[in-house]
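Okay, so here's the structure we're looking at.
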Amino acid sequence: MKLIRGISGIRGIVGDTLTEPIISKYVQAFSMIQGKGEILIARDSRIHGSSLINASCHALKKCGRQVLNYKIIPTPTAQFIVEKNNLAGGIVITASHNPSEWNGLKFIDSDGCFLRNEKNQNLFDTADDLLLNEKKSGNIIDIDSGYLSHIEHTRNLSVIDPESIEKQNYKVVVDAVNGAASHALPAMLEALGCKVYKLYCKADGKFPRGAEPLSHNLTELGKTVVEKQASIGFATDPDGDRLAIVNEKGQPIGEEYTLVICLDGFLKSTKSTIPIVTNLSTTMAIDRIAEKYGTSVIRTAVGEINVVNKMKKINAQFGGEGNGGVILAESHYGRDSLVGSALFLNRMAQETKTVSEIFKCMPPYFMIKNKIELGSINPNSAINRIKSIFLDANKDTTDGLKLVWDNSWIHIRASNTEPIFRIFAEAPTEQDAKKLINKVKSSL
């Protein structure tokens, strides 16, 4: 397997496709393409992250940089800090939702956003051609509890009513998969007056469940919510940019509905008619909520930076991805589990309804997220074959192939982060979604 390079940075198997010399090369290349100033370094909690962050800090020091080592913080916190403190950029050592043997680098530009496609390619080209081994003298500054400013800013967002949330005395269970949000997310919720019960919040990189906060990985969270008689359960991925919800009955509502319910609360309080931005693989429940409040949805290729670029272009205030990634422009342009949790609690406090009561009011759709190994499959040939089968659908080729009907769709695309084909389908019923998935898989 090769090192994976894409719009999400680089990822590989530690000790195989990802080593300290490789890390140092890409870190040095990043320093070369960024402007003057301090560079933030942070990581998620993976066991090998400690050695990789040390290698990164010393590579930057050799470039003459002042390095701010924030250690373990969520990726969105790193983005927030880079923007608010006018840093030259940031690097987060993480493989996001990939299994524990993986790691990688996410590169943050000076505006707090991930590198755009052109600059990302410039980084890769610079790393490929890198011969210079800088030996200038910079310095490294260690920073503890660097997430506190992010919490304070989130609590005081104009779309959050902290007093209303505090009055509810919510009991909340947090499952941070022992990842980067293990300290920050509980602290965020406590700042909103919640009684917090911690599940898998040790930040030791030992993932006790599947790294993605998918419904089938949240069994223990559901049990703990019921046991503690909590109002809600929050779950994140290892780097803390994605948020999933378990209701007061211990039932996951599906990560797609994190964005849907946060949007409903945002539009309820702001009455904004600026279009919402999301990707092609996100539930069409977003469209129904937007219609309810008199606005519309614009869709982009999958990938946070694609959503962010469109948000900036049209001055959108709200966006995100259906994998539990909520983006609020007032905070920063990045998926953020801290912002998502605050928005979700705010929605609950608006009408003092339970999670299950709110969920019942949402447009009902069923989504299946499937994948297959690419192997010898040629993506372009496969897409052309599928096109020829579904002649009655509207076709969107912005990112792979999306086939759309009035009340259902299927999206087929090569992953940005793994050597797989992702196949997502949505319909009013599970049976209808399965039929779409099976028809596509049989053609492959």
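Every number in this text was worked out from the coordinates using simple rules, so none of it is lab data. Since the model is a prediction, treat every value here as computed from it, not as a measurement. In this analysis, Cβ positions are derived from the backbone assuming ideal geometry, glycine residues included, and neighbour counts consider all displayed protein chains.
Report, in listed order, any pair from 249/435; 71/312; 312/395; 249/434; 371/434 with a Cα-Cα distance greater than 19 Å. Over 19 Å apart, Cα to Cα: 249/435; 71/312; 312/395; 249/434.
Loop-located trypsin sites (Lys or Arg not before Pro) in the stretch 333-435 (DSSP state not H, G, I, E or B) with no more than 15 neighbouring Cβ atoms inside 10 Å: 353. Can you give the local net charge around residue 57? Use residues other than it whose beta-carbon is closer than 11 angstrom to its beta-carbon, Lys and Arg +1, Asp and Glu -1. With Lys, Arg at +1 and Asp, Glu at -1, the net is +4.
If I stretch the segment between residue 84 and residue 269 completely, what's the gain in nm (0.36 nm per residue apart, minus their alpha carbon distance), one decimal?
Details: separation 185, 0.36 × 185 = 66.60 nm, distance 2.54 nm.
Length difference between fully extended and current span is 64.1 nm.
For the pair residue 329 and residue 406, label points projected 7 Å from Cα toward Cβ lie 3.4 nm apart. Take the Cα of residue 420, step 7 Å along the line toward its Cβ, and report every residue of the stretch 15-30 whose backbone nitrogen sits under 18 Å from that point. The answer is none, because no backbone nitrogen lies closer than 18 Å to the label point. The loop-placed GluC sites (Glu not before Pro) in the stretch 88-194, going by DSSP, include none that has at most 14 neighbouring Cβ atoms within 10 Å of its Cβ. From the alpha carbon centroid of the stretch 22-41 to that of the stretch 180-255 is 33 Å. Before anything else, pin down the relative contact order of the stretch 4-146: Cα pairs under 8 Å, at least 6 apart, normalised by residue count, whole percent. Averaging sequence separation for qualifying contacts and normalising by length gives 34 percent for the stretch 4-146.
For the pair residue 291 and residue 58, the difference between a 0.36 nm per residue extended length and the Cα-Cα distance amounts to 78.7 nm.
Note that the stretch 287-444 shows a convex hull volume over its alpha carbon atoms of 134 Å³ per residue. Peptides 306-313, 215-222, ordered by how many other C-beta atoms sit within 10 Å of their residues on average, highest first, read 306-313, 215-222. Using C-alpha pairs below 8 Å separated by at least 6 residues, the relative contact order for the chain is 13 percent. In the stretch 27-93, what trypsin sites (Lys or Arg not before Pro) fall in a loop by DSSP, with at most 16 other Cβ atoms inside 10 Å? Those that pass, being in a loop and sparsely packed, are 36. Using only Cα atoms, locate the centre of the stretch 92-124 and the centre of the stretch 297-325, then give the distance between them in Å, rounded to an integer. The two parts, judged by their Cα centres, are 17 Å apart.
Would you kindly state how much longer the chain becomes between residue 384 and residue 249 on full extension, computed as 0.36 nm times their sequence separation minus their alpha carbon distance, in nm to one decimal?
Details: separation 135, 0.36 × 135 = 48.60 nm, distance 4.45 nm.
Net length gain for the segment: 44.1 nm.
Give me 257, 365 sorted ascending by neighbouring Cβ count inside 10 Å, so fewest comes first.
Details: 257 27, 365 22.
Listed from fewest to most nearby Cβ atoms, that is 365, 257.
Computed over the stretch 129-269, relative contact order equals 21 percent, with contacts defined as Cα pairs under 8 Å that lie 6+ residues apart. At an R0 of 51 angstrom, the distance between the Cβ atoms of residue 164 and residue 376 translates into a FRET efficiency of 0.35.
Tell me what the chain gives for mean residue ellipticity at 222 nm when only DSSP H runs of n ≥ 4 count, each as -39,500 (n - 2.57), the sum divided by the residue total, rounded to 500 deg cm²/dmol.
On the way: 15 runs with 161 residues, N = 444.
Result for the chain, helices only: -11000 deg cm²/dmol.
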